[in-house]
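Following: one structure in structure tokens, then a few remarks.
Only the coordinates and a few stated rules stand behind these numbers; no lab work does. Predicted model, so just to flag it, every value in this text is computed and none were measured. We place every Cβ from the backbone using ideal geometry, glycine too, and count neighbours over all the protein chains shown.
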Amino acid sequence: MSQAVAHETKNRKLTTPLDGMIIKIATRIGGSKAKEVERFIKFAFVGILGFVIDFGTVFTLQSTLLPPVNEVGENVVINVAIATTIGFILAVCNNFTWNRLWTYPDSRSYSIRRQLTQFAIVSVSGWTARTIWIATTFTFFGVLSTQAVQIIMADYNPSLLDQQKFGTMIAQFIGVIVVMVWNFLANRYWTYNDVE
């Protein structure tokens, strides 16, 4: 392959049908920081896709192979941790790929290996905090959500399994929001700090 073709291929940007809308929004609300607003919006879209992958994986695993409660009604924290870890890993792989190709296509002064390592370090630190949060709060949120629904529907009485699954989803939702902010800032100013 000639150098001109290799250079053109290396600098090719991934485009999506959302790009025009994102650029208009970023320009309108971002002013002199429009490019940074555009990156944040793209990062958020990638995060939403990762969120769907993460939640879908956890929901599927808890409904099949890794229920949060065993046959005698005891919490199985290890199953919650494994399910959320698998969901997290799949989401991180998705997010790294989309962020490198779409959110930060102009970040190429560092090797993909270096950026993947940095992205993984940021993600693992977020995952650690998130997993501890979920494992320690899913039961609380399961009980709290049941009590909240029972205020409206007194006869609502979910199984312990359903209560704990719902508690896991609530704890995970809160954890995802906090970790998204951490991930954006850490990746923007460390992993992808070579973009202007």
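Computed from Cα positions, the angle between helix 77-98 and the longest principal axis of the chain comes to roughly 20 degrees. For the chain, a Gaussian network of Cα nodes joined below 10 Å ranks VAL124, VAL37, VAL149 by mean-square fluctuation, and the top entry is VAL149.
Lys-Lys pairs in the chain that are eight or more residues apart or on separate chains and whose Cα atoms lie under 22 Å of each other come to 10. Helix content alone sets the calculated 222 nm mean residue ellipticity of the chain: runs of n ≥ 4 DSSP H residues at -39500 (n - 2.57) each, divided across all residues, give -25000 deg cm²/dmol.
Relative contact order of region 38-156, taken over Cα pairs closer than 8 Å and 6 or more residues apart, is 26 percent. Tilt of helix 34-63 relative to the longest C-alpha principal axis of the chain, in degrees (0 to 90, nearest 10)? Between the helix axis and the principal axis of the chain, the angle is about 30 degrees.
When trypsin sites (Lys or Arg not before Pro) are flagged only if DSSP places them in a loop and at most 10 other Cβ atoms lie within 10 Å, the longest unflagged stretch of the chain comes out as 14-196. Quick one: net charge of ILE29's neighbours, Cβ under 12 Å, K/R +1, D/E -1? That works out to +1. Counting only alpha carbon atoms, the long axis of helix 112-152 and the longest principal axis of the chain meet at about 30°.
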